[in-house]
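Read the figures in this text as sums done on the coordinates, not as results from a lab. What you see is a predicted model; the values in this text were computed from it and never measured. FYI the Cβ positions are ideal-geometry reconstructions off the backbone, even for glycines, and counts take in every protein chain you see.
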Amino acid sequence: MAQDPEHHDDPQEEGIVDPSHDLDMETLYSSMTVDAEMEADVIRGVLESNGIPSTMVRTPYPNLGYIVKVPHAFAREAERRIQEATAAGPEAAAEAEAASEE
């Protein structure tokens, strides 16, 4: 309701900038290897499936580097999810994909 103090549709609140560093982007992955783009895509897939926003940055020259960045507020959770996916290995990814197709 409009009289509720937690109501966020107040036109005066539009344009207010969050000065915290929670949305500053941190590098989660950086590589210049031949398969860097594929690895970055896999990492972004793991993050996306866990609701973690990310962005991929690449150099203007093909195959010279890929970087995956996440907001500071999600950095620890993103690192944990990537470690879990790495520990589970490709077999777990294949099982999860098969289960999602059923």
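Starting with the highest mean, order 71-82, 50-61 by the number of other Cβ atoms within 10 Å, averaged over the residues of each peptide.
Top of the packing list down: 71-82, 50-61.
Fewest to most neighbouring Cβ within 10 Å: what's the order for GLU84, GLU26?
GLU84, GLU26
Under a Cβ-Cβ cut-off of 13 Å, what is the net charge of the residues other than LYS69 that fall near it, where Lys and Arg count +1 and Asp and Glu count -1?
Here the charged neighbours net out to -1.
Under Stokes-Einstein, with the Kirkwood radius over Cα pairs standing in for Rh, what whole-number D in µm²/s applies to the range 23-87 at 4 °C and 1.567 mPa s?
Answer from the Stokes-Einstein relation: 110 µm²/s.
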